[in-house]
Structures are given as C-alpha cells and as structure tokens.
Amino acid sequence: MSTTSNEAYEPYYVPEQSKLPIFASIGIFLTVYGMGNILIDMSAGEDHSLGIWILMTGGLVLGFTLFTWFSTVIKENHAKMYSAQMNRSFVWGMSWFILSEVFFFAAFFGALFYVRMFSIDWIAGEGGRGPSDMLWPGFEAAWPLLNTPDMERFPGAHTSMGWFGLPLVNTILLVASSFTVNIAHHGIKEGNRQKLVLWLAITVALGIAFLICQVLEYQHAYDELGLTLNAGIYGTTFYMLTGFHGAHVTLGTFMLAVMLGRAIKGHFRDDDCFGFEAAAWYWHFVDVVWIGLFVFVYILGS
Amino acid sequence: MSAVIEEHHHDDHHHGPAKGIMRWVFTTNHKDIGTLYLWFSFAMFLLGGSFALVIRAELFQPGLQIVEPEFFNQMTTMHGLIMVFGAVMPAFVGLANWLVPMMIGAPDMALPRMNNYSFWILPFAFTMLASTLLMEGGGPNFGWTFYAPLSTEQGPPSTTFFIFAVHLMGISSIMGSINVIVTILNLRAPGLTLMQMPLFVWTWLITAFLLIAVMPVLAGVVTMMLMDIHFGTAFFNAGGGGDPVLFQHVFWFFGHPEVYIMILPAFGVVSAIIPTFARKRLFGYASMVYATSSIAFLSFIVWAHHMFTVGMPLAGELYFMYATMLIAIPTGVKVFNWVATMWQGAMTFETPMLFAIAFVILFTIGGLSGLMLAIGPADFQYHDTYFVVAHFHYVLVPGSVFSIMAAVYYWLPKWTGNMYDEALGKLHFWLSFVGINVLFFPQHFVGLAGMPRRVPDYNLQFADYNMVSSVGAFLFGFSQLLFLFIVIKCVRGGVKATDQVWEGAHGLEWTIPSPAPYHTFTTPPDLKDISEAHG
Amino acid sequence: MDKAKRCKWLIALSLLMSSSLAFADWSALNMRQGVTEISQEVYGLHMIMFWVCVVIGVLVFGTMIISMLMHRKSLGVKPATFHDNTTIEIAWTIVPIIILVVLAIPATTTLTKMYDTGDTEMDIEVRGLQWKWQYTYLNDDPSKEISFISSMITPQEEIYNRAPKRENYLLDVDNELVIPIDTRIRFLITSGDVIHSWWVPDFALKKDAIPGFIHELWTIVDTPGTYRGKCTELCGPYHGFMPVVVRAVEKDEYAAWLLEQQAEAEKVFEIVGKQWSEEELMVEGEEVYLRACASCHQVNGRGLPPAFPSLVGQGLAVGPIEDHIDIVLNGKPGSAMQSFSKQLNAAEIAAVITYERKSWGNQAESVQPKEIFEMLEAQ
Ligand code: HEA
Ligand code: HEA
Ligand code: CUA
Ligand SMILES: [Cu+2]
C-alpha cells in the first residue's frame, strides 16, 4: 500500500498467544497474598503463618515465569524477529517505567519535605496551623527529630546518622559504579568484550559492596544509635527512603549481574544491546536517587 | 461469559484467534484484550452498583433497617473503590485497547504480552479486594479515601489485603499506560503526525501520562500505611512527629489527577461522537488538544481543594482555591467547542449521540457544582455533605459512565459487525437519563440542607429527598440490565453493519471492514482519509 | 419521530421538576443563612456562585437546545463547514477568566476574615472522641476549667424503628455546648482518636479535628437559640451518630450556667470521697456503661469481635483488676479503646468497672471511687 511518508515501513512483530502473562499474574497474586497473610499473622502475634508457603510458591512461579519471559524475548531478538521499531518500543517502555519509579520516590521525598518544613513546626505550635503545642508540652521542633512528642510510643533515637563514614563511602561506591557501567557500555560499542565483562563485573561488585555497607550501617543505627523504624518520624523517613533505595539497588545489581552473565555468554552487539542499556539506565536512576538521599537525608538531616 | 458469546466471530480471518476459553487467557490481541477489559469492567459496574443499591436501600428511610452501620461503611468504601478502579478505569483501558491501534493504523499494541499481563492481574486483584468482605472483621470500612488514622489504627485486619490489592491495580495501570503511550508514540502509521490523531488518542496519551505519574504515588501512600500498621513507623501519627494530614496530601496528589484520568478519555469519546452525528468537523481541534494538556497540568497543582477544612494555613487555602478555579477555563473551552460543533450541523440523534449530548449537559452541571466547591469559604459548608456526593456523581456517572456507554453504542457495530437495536438503545438512554437525574439531583438539596456523607442514617428533614433518590437509584440500576441485554443481543446477531457504519463517521477505524478483522493494519494504511480523522 | 422525542423530553423534564418541586419548602433545600456575620457572607457567596452557574448553564444549554431543534438533519439542513474561529475562541477563554477573578475577590475577603483568630474573649477546646464531643472551657486557672462530654441521646429504639422518631432525631445530646451571644469565642479543635470534623452550619464553622494537632475557629453569635450540626468526617461505624448541639444564650444566662457547672464540679468531689455500696455502684455503673461504653462493647457486653472485644467471661473484665482499671483510665493506644480518665469522674469510673465485673455472669471484685481518685491524683 502507498504511504504518504518516506519513512520506510518495517513489519512489527506481534506475538501469537502466550502462556507467560497468566502465570506471571498468578505468581504475583500468590506473592502478595502470601505477604498479606504473613503480615496479618505477625501483627496478630502468631508465630507461624501459612503465608510463608504461599509467598514462596508465588515467588517461585513469578520468578520462573519472568525468567522464561525474558529468555523468550532474548531468543526472539536473536532470531531477528524484532525490527528497529520494536526496539524503540522497548526503549520508550523502559523510560516511562523509570519515570513511574521517579514518582514513587517523589512520594517519599515529598513526605520528608512536608514533615521537615511543616508538620513538626506545626506540632510545636508554629506556622499558622493553630496552637498544637498545647497538646505536647515541652516539645521542640528540630531536625533530626530525636525527641518525639510521644516518647513512650515512639522512643526517638539517641543520635542521628551522620553523613561522614559509611554513607560517604556508599556515595563514592555508587557514583563510581555509574562510571564503571558507562565504561562497560563503551566496551560494547567498541566491540571490546573483555572491557565489557571486566567493567560490568566491577560494577556488580560495587553494587554488592554498597549493599553490604548498607547492612552494616543499619546494624550500627539499630544497635548503637537507637535509630529504629519505631523511633518516630526521623527513623521512619530514614528507613523508608534508604530502604526503598536499597531495594532498588538490589534489583539493579541483580539486573546487572544477569547482564554480566549474558555478556560472558556472548550476547550484545554495538547495535543491539538494549537489555544492557535498560539495566544501565536503571542503575543511573538508582544512583541519582542516592545523590538525593545523600543530600536530603544525610547531609541536611544530621 | 464472553468466550461463549464472542466465539463465532472473527475466526474466519487469517491468523484467526484460537478456540475456547484459553483464547482469552493467553491472548495477545488488542481486540481480545479490549473485550476482556470491557466485560470485566461491566461486571465490576454491576458489583459496585449493587453495593450502591445496598446504600440506597438503607437510606430509603431514616432509621436503620437493612444493614448495620459497620457494614454500611464497608459498602460505601467498596462501592467507591470498585466503581473507580474496577468499573471506570478498566472500561477506558478497554476502549483504548480496541480503538487506539485502529485509530492510528497500528498492527496491535506495542507490547502485546505485557498487555495481557496488565489485564489478568485485575481479576486477581479484585477477587482479593472483594473477598475481604467475607473475612473476619469485614472489608475496608474507611471510605475510598482511606484516611489515616482510621485506616491505619482502626482498620480491620483485611486492610493489608486491601493495600496489596491497590498495589496490584497500580502495577496493572502502570503497565497498561506504558503500553498506550508507547503505542501512540511509536506505532502510528507512517505519516500520521501527532496533530492529526483523533482526539480520543490524544486524550488517552495524556491520561496515560497522568497514570504513570500518579499511580506510583498511590502505591507510595498505601505503602506508608502498611508500614504504619505493621512496622510501627510514624508517617501519620503526630506522637512520632508525623501528621495524619500528610496522608491526605499524598493521597490527593494521586486522587485529584485520578478524577481527570476518569474524565479525559470521556472527553475524547465525546469529541469523536458529536462531529459524526452533527456531520460537521470538530470545532477547534487544536484548542481541544491544548485544553486537555492544560487540564492535565493543572490537575497536579490543585489537590488540596479536597482538604479545605483540614486546617491548612491561609496562604495554602487561597492558593488551592485560585488554582482550582482555573480548571474551569480549559474545561469551558472544551464544552464551548462541543456546542460550536453542534451549531449549524445536520444532527441526527442515534443512541450514541443521545448519550454524548446528555454527557455535555450533565457533566457541565457537575462541573459547575465543582466550581462552587472550589470556593474555599463556601466549601466549609459543602464539604463532606451530599452536595459533594451530587457533584462527583454528576461528573462520574452521566460523565464518565455515559461516555463509556456512548462509546460502546458507537463502536459496537464495528466490533461485532452487527447493528444494535436502536429502539432498545433509545429506551435504555431515556431510562438512564431520567433515572440518573432523579437519583442525583435531589442530593444537591439534602447536601445543602446539611446531610453529611457516609452516614447510614439521617434526621427526618432529609427523608423525602432520600426516598426520591433511592427510587432513582433502582430505576437507573435496573436499566443497566437492559444495556447488558442490548449488548448481548448485538453480539449474537442483527442487521449487518457497513464499514463506515455512521454516515458522518471519519477516521481509520471506519475504513476497515465490520466486524474489524482479528488483525488490522499488519501493513500500514492509506492515509488519504486521515485529514478527516480528527474532525 | 420528532414529536415522540419532544414528548419524551417533556416527560423527562416534568419528572425532574416534580422530583424537585414536590416538596417545595425552599428554605429546607438551600444552604442555611445562619446567625453570624460570616455565615451570612458565606451564604452570599454561595448564592452568587449559584446564579453565575445558572446563567452559564442557561446560555450553554440554551444554545445546545436551539441547535438541537434547528440544526437537525430531518429539517433538511446542510451542515456548515467552519471548524475554527480564533476570535471567538479567545473570547470564550477571556470571559471566564474575568468571571473567575470577580468571584475570587469576595471569596478571598471572607476567607481572610475567617482565618483571623485574634482578640478572642474566651477559648473552648473541642475534642472529638469516638463518638462524642468533649468540651473544655479553658481557663488560666485549671481548677476553674469546666469539661464535659456531649453524646447523642437518641435511643436505640428509635434508630431501629421500634419507637416513633422524635423531632430532633439523631440531633439530641445530653450536654449541649453553652455559649454566650455577642462574644468573640475561639474554638480549639482537636481529637483524641481518629479524624472527626466539627460542623455547625448556622455558624458556617467546619474544621477537622486531627489527633495531635489543634486548629482554631472563631465566631460571634448574634441570636440566642439552639444550633445543631454533625460530625462530618468518617470516624468509624457510629460516625452518623455524633451530633453537635450548641446553645447560644444571653450573657447573664451564660454566667449563671457557668456558676452552676462549677458548683456541680464541687459536688462530685464529695461524692467521690464517700464509701459506696455495691448496689449504688451497680446502678450508677449501668447508667455510665450504657452512656459511654455500650456503643462499642454493646449492651450485652459481648462487643463486636474482632473490632470490639467481648467483656463477658473472658479477658480483663474478669482478670486482674489493676489491668482493668489501667485500660479504662489510659485506653489502649492504636485502638478505639480510649482513655476515660478525663471523660468520666472517679465515681463513674469505679462504678462502670464494678458494673462490668459483676454483670452478664461475670463475678469479680469491685472497686471504690476513692481508690480510683487516688490513682488519678498520682498520674
Ligand atoms: C470525573 C471526575 C471529576 C471531575 C471532572 C471533577 C471536576 C471538578 N471538581 Fe470534583 N470531585 C470528584 C470528581 C471530579 N471532579 C470526586 C470523585 C470528588 C470527591 C472525592 C471524595 O471526597 O470522595 C470531587 C470533589 C471535589 C472537591 C472537594 C469537595 C469537598 O470534598 O469539599 C472540589 C473542590 O474544589 C472539586 C472541584 C472540582 C472542579 C473545580 C472541577 C472542574 O474540573 C470542573 C470544570 C468544569 C466546569 C466549570 C463546567 C464547564 C465550564 C464552562 C461551561 C465554562 C464557563 C464556566 C465558568 C467560567 C464558571 N471536586
Ligand atoms: C465512577 C464511579 C461511581 C459510579 C458509577 C457510582 C454510581 C452510583 N453511586 Fe456512587 N460513589 C462513588 C463513585 C461512583 N458511584 C464514589 C467514589 C463514592 C464515595 C465513596 C466514599 O464515600 O468513600 C460514592 C458514594 C456514593 C454514595 C454516598 C455513600 C455515602 O456517603 O455513604 C451514594 C449514595 O447514594 C452512591 C450512590 C450511587 C448510585 C446509586 C450509583 C448508581 O449509578 C449505580 C447504578 C447501579 C447499578 C449499575 C446496579 C446494577 C445492578 C443490578 C441491577 C443488580 C444486578 C446484579 C448482578 C447481576 C450481580 N455513591
Ligand atoms: Cu466523628 Cu464522624
Ligand atoms: Cu479534585
């Protein structure tokens, strides 16, 4: 058929039926259903929960399905079933996904700003929302908030988490890893597989190192600083922000590790390395979030 | 149900669908998935509607007669949640699935397997959500807005399942919107520019963006709840330095754009139908696009108009009042454009057109009452009364829901190859139109006179209007069974539809046969008709 | 076909009209004008908005209806071909902007006034509790503070349709909030559990009661009278049964009322000091239980598990008495069980605890008001 445009037409691959999504749906459903059961039983004070088994089943189904799913996509790609247009779909898809992640973090950063700039002042009776300090005699607004209004229920932390030390080390690790993953990317572009594998491996190692440091940091916070999830809003925002970030680092590291495996197997060419790039973008995103955390949670928060 | 009904269509085309129920489970075809979404949404509409009927039955008279207050609250909550997340949103995603690829000449959605995944998560999520009603302690009972600390400190144990159900819906919506955006940006037929796309595609492009931006925020806020409930964090507890109002800010940052998510595609539908039956191009296509974008932008910066009474400082109050009022301007542009499209047209009034015209009138009524709500000091009197309930049902039911019905009547011949029964369609319209007004108009009055929302019982002065309203509810509710009947009848057979179906219809979807072949535009279409597509 | 359609329009319209006009008492259909300067202003704003909307509606719908009547294919018209007109599009963007600016001005003035809470002559703390209001007349000298609970007294029989409903069905409380007229009063709104919202339509006052925060409102009431409102924020199952009743009285009447309240507070002091017999405790206890506890734990003591535990033959009500006293005095944070130490006096607390321990087949020891009083003092 004629077209009014000079863009060349490429056939778009539309897969036939697929069993993958339904299994992924079942998997994700069992996963959250199991988690729900565990949490409810936990809060009801029960020692054992059937939820663990449901969660494990769900996790396995989901994990196995996703593995098959991604393998299928890779196979289809290697079978040259995808056009450049198809690749653009993946690129767009990943970019919009990352945008949605940005908004997820925005909600938690927003909560942090709101608390710091408004609500603790309001509790202390300042700033135009009424004399709430009448309810909390002696409460003083400060950040980090070590003395909570209700110390019995939220027993504050003794000390805040400084930015020097582990957090700084972690910043260096993550920033460095953004560079190393970039070098690995150059490796692909130059067709230098050795460079790719080496620098990607270093990146993964940096990611793991970051996670280890974070575990150490959490231990330190719990054992020595009294900084816990239950320590009031400072502990709350601290753990929720760094915790979700940590979860994303874990996922990112896992993705990069998979890419490392694929790189060793000989995947990726200079014009065909979307899987790698997606993982790398994700990694950069995680890195940027950390910079935000480092500034707002650590430096300005201690 | 849909498997049985749909089976004898479509199959005689190349790459025809597989047979049996597994066709629907494994499908990657945008039309199949669109059908699934639409049927699912209708089922949820009936479920959420039956909850509404429980509410209206209890409110038929003062006093408690049918349900206990505790259960009443569960009904209100589940009604709101199921209608919003189960009925309206999936219906629009279903329409997007069916129409976007056909309107832009794409072979399918950009990521077909993920498309199937987006759908199939939903039945699980809603089964989990609905089943909370049967659990010990009952289902969510804190309103669809689930304000903390009622939800975090006093919610039933099943709140945790509610939270995870919301997570699942969020995942589904985000994947669905990514698919829509990527399809529109990447799969347009060669030569089809953005400013040539039909408005339905435009509105969905913007809606999908809104979804990607705010569904994660919803996920964030339920996650904060989850932490407060199970892990002792203090987001929403002043004792730990948090603030219950923080919940409302985060929720409404999602919640306000959410209401536009439920109306923008409706604008798109109406912008397709009115020109067809007025036999005249859409007036002001470009300004429609800009207006839609402005509404989307404004929707991010007005959220706290739901919170005028929470005790924000004066500056905040004023800012949110002004910003909210601004939304009337682009919305007005849209309304005026539709009116101008009708002006000096050559109109006929088939069922889709009737629904579309009712949409314009009744949505405007709802929008104008919205504007009254936007006036901060006046909202102190309106807030959390039935006046608000009347406002949002006017924009949601004769707004979003009517537009969905208009869309179904309008495109049904294209989907099934058969004309629906016009006489029955008109009957359905008139029953709905009368029912909806009898149902919701009196709620303005009881609201102004002081009846709070979310109450199972009320004082005697409101008795008359509540009775009228309940009668309207049952009239409107049962009329929808007629809709079901009409759709099933049309799917099973009827007068064969032509390709163009409607005399004044323009656009790519009307160039292909009716019913639309299982696969369309495996090669790009001829665009000579496209200049007509947007008007 | 045309005629039939016009006919349907008529039917639809008349149905609509009849639904709204059948009960044509307009004052009951509109916002209340109220009895304060602010409430009148708000009513004015509401009416301006209303008429602006009506005019816009008439214009827009009128145009549509003309169009629907005249520009129909059945009349043989040919559709016009215009689809753009920059002038008119600019016009219908600008005109609404002007309308909105004009509307925003009085709204801003009124809102600013509402937020000006300075120069008040007396302060009343309003505390929302599930499902009642606690009013405290603040005083620099705490011993002169008066505090009482105001809960709905509409009996269950009326709610469950076993008795005819009285005039102020759902709007009657045991203790009304009494305020003097012509006095600038500041209300400090807060909550002891979940969010409530304190609303008196006749004063155009509505503010959410947020646990842990205090919000301010102010009013000057011109006319004496009894003004009724409701809690307007969903606060649990009995949210619909949480009326607000304010009685505005002349200043001297208020002063007399105040003295009476203070005298009553003295009396309580004596009552607490004396030794109570078991019957006395049980009689008083039942009264308190029905008033303060039965909405959750139910008249038969069996509660509504799991939300509200049963007190019959299990748990604290038959366990160690210290724990029982503790939960009633201090509540259980994070649950609906609230602290009653400020809502009930020592005699009432002792009575209700005794009542719970000796009713529905429970057989446990009783407690004397004096003991509770000492515990309260020690806190
Ligand atoms: C589809 C959904 C939808 C839509 C489109 C809207 C549209 C609008 N809404 Fe509504 N709203 C809801 C759904 C929606 N709303 C819901 C669900 C709630 C309650 C949530 C809950 O609490 O449970 C709510 C609540 C709500 C409130 C909070 C009330 C309260 O709780 O106290 C407010 C306050 O400002 C508001 C305002 C508006 C405004 C200004 C618009 C505007 O967009 C309307 C614009 C349209 C017009 C104005 C009409 C057409 C314009 C013209 C003809 C031009 C000329 C007009 C002028 C110049 C005046 N809405
Ligand atoms: C798009 C959203 C949407 C839609 C379509 C509706 C539709 C309806 N809604 Fe509403 N509603 C909300 C969104 C919606 N609603 C929201 C968000 C709230 C706020 C919740 C909250 O406060 O938290 C609300 C609250 C709400 C209230 C206030 C409750 C309260 O404050 O306590 C009422 C009361 O009248 C009501 C009534 C109705 C009615 C009668 C309909 C009718 O249109 C329904 C029509 C009925 C049917 C479609 C039933 C058809 C079914 C049958 C005939 C039976 C057959 C059954 C089977 C086959 C299973 N709704
Ligand atoms: Cu208290 Cu509603
Ligand atoms: Cu809104």
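The values are calculated or read from the model by the stated rules, or taken from the named source; none is laboratory data. All figures in this text were calculated on a predicted structure; none of them were measured in a lab. In this analysis, Cβ positions are derived from the backbone assuming ideal geometry, glycine residues included, and neighbour counts consider all displayed protein chains. All accessible areas refer to the heavy atoms of the entire protein, side chains included, with ligands and DNA or RNA removed. Shrake-Rupley method; radii C 1.70, N 1.55, O 1.52, S 1.80 Å.
Just a few scattered comments:
- Checking the stated criteria, B:PRO157 turns out not to satisfy the condition of being within 14 Å of chain C (Cβ to nearest Cβ) and touching a strand residue (DSSP E or B) at 6+ places or on another chain (Cβ under 7 Å).
- Among the conditions (1) without any contact (Cβ under 8 Å) to a residue 60 or more places away in the chain; (2) within 15 Å of ligand 3 (Cβ to nearest atom), the only one that C:SER150 does not satisfy is (1).
- Look at (1) at pLDDT 95 or above; (2) more than 8 Å from chain A (Cβ to nearest Cβ) and you find that B:PRO140 fails only one, number (1).
- For region C:297-307, the criterion of being more than 25 Å from C:ASP174 (Cβ to Cβ), at pLDDT below 90 and of a type in the set (S, T, N, Q) is satisfied by no residue at all.
- Residue that is modelled with pLDDT of 90 or more, within 24 Å of the chain's Cα centre (by Cα) and either assigned by TED's automatic domain parsing to the domain that holds A:ALA279 or open to solvent by 30 Å² or more (accessible area, probe 1.4 Å) (or both), where the choices are A:THR31, A:THR68: A:THR68
- A count restricted to region B:292-311 and to residues that are crowded, with 20+ Cβ neighbours inside 10 Å and free of Cβ contacts under 8 Å to residues at least 24 places away in the same chain stands at 0.
- Some residue of region C:236-253 being within 16 Å of ligand 1 (Cβ to nearest atom) and touching a residue at least 12 places away in the same chain (Cβ under 8 Å): yes
- Whether a residue is away from ligand 2 (no atom under 16 Å from the Cβ) and facing chain B (nearest Cβ under 9 Å) was assessed, and C:GLY229 passes this test.
- For region B:294-314, a residue qualifies if it is within 8 Å of ligand 1 (Cβ to nearest atom) and not in a helix (DSSP H, G or I), and exactly one does: B:VAL302.
- Those residues of region C:48-80 which are facing chain B (nearest Cβ under 7 Å) and of a type in the set (S, T, N, Q), in sequence order: C:THR63, C:SER67
- Residue within region A:112-130 that is more than 9 Å from chain B (Cβ to nearest Cβ) and within 21 Å of A:GLY246 (Cα to Cα) present: yes
- Qualifying positions in region B:174-199 - over 22 Å from B:ASP526 (Cα atoms) and free of Cβ contacts under 8 Å to residues at least 60 places away in the same chain: B:ILE174, B:SER177, B:ILE181
- Residue pairs meeting the criteria (Cβ under 8 Å; at least 6 apart or on separate chains; first away from chain C (no Cβ under 13 Å) and farther than 13 Å from B:MET307 by Cβ, in region B:236-257; second within 15 Å of ligand 2 (Cβ to nearest atom) and at pLDDT 95 or above): B:PHE254/B:LEU218
- Residue check for B:THR160: more than 16 Å from ligand 3 (Cβ to nearest atom), touching a residue at least 24 places away in the same chain (Cβ under 8 Å) and under 30 Å from C:PRO333 (Cα atoms): yes
- Cβ-Cβ under 9 Å pairs, at least 6 apart or on other chains, region C:106-127 side closer than 19 Å to C:HIS46 by Cβ, far side modelled with pLDDT of 95 or more and in a strand (DSSP E or B): none
- Helices (runs of 4 or more DSSP H) fully within region B:47-163 that include at least 3 residues being open to solvent by less than 10 Å² (accessible area, probe 1.4 Å) and within 16 Å of ligand 1 (Cβ to nearest atom): B:69-81, B:89-104.
- Single residue of A:LEU145, A:LEU200, A:LEU196, A:LEU166 found to be within 24 Å of A:TYR298 (Cβ to Cβ), open to solvent by less than 30 Å² (accessible area, probe 1.4 Å) and among the aliphatic types (A, V, I, L, M): A:LEU145
- Residues satisfying the stated conditions in region C:79-115, i.e. more than 15 Å from B:MET321 (Cα to Cα) and loosely packed, with under 11 Cβ neighbours inside 10 Å: C:THR81, C:THR86, C:THR87, C:ILE98
- One residue alone among C:TYR289, C:TYR238 is aromatic (Phe, Trp, Tyr) and within 16 Å of ligand 2 (Cβ to nearest atom), and that residue is C:TYR238.
- Close pairs (8 angstrom Cβ cut-off, 6 or more residues apart or separate chains): farther than 17 Å from C:ARG357 by Cβ in region C:315-337, among the acidic types (Asp, Glu) and modelled with pLDDT of 85 or more anywhere: C:GLY334/B:GLU153; C:SER335/B:GLU153; C:ALA336/C:ASP193
- Annotation: C:SER197 fulfils all but one of (1) more than 16 Å from ligand 2 (Cβ to nearest atom); (2) of a type outside the set (Val, Ile, Thr); (3) touching a residue at least 24 places away in the same chain (Cβ under 8 Å); the unmet one is (1).
- Yes/no for B:PRO257 being more than 24 Å from B:TRP343 (Cα to Cα) and either within 16 Å of ligand 3 (Cβ to nearest atom) or open to solvent by less than 20 Å² (accessible area, probe 1.4 Å) (or both): yes
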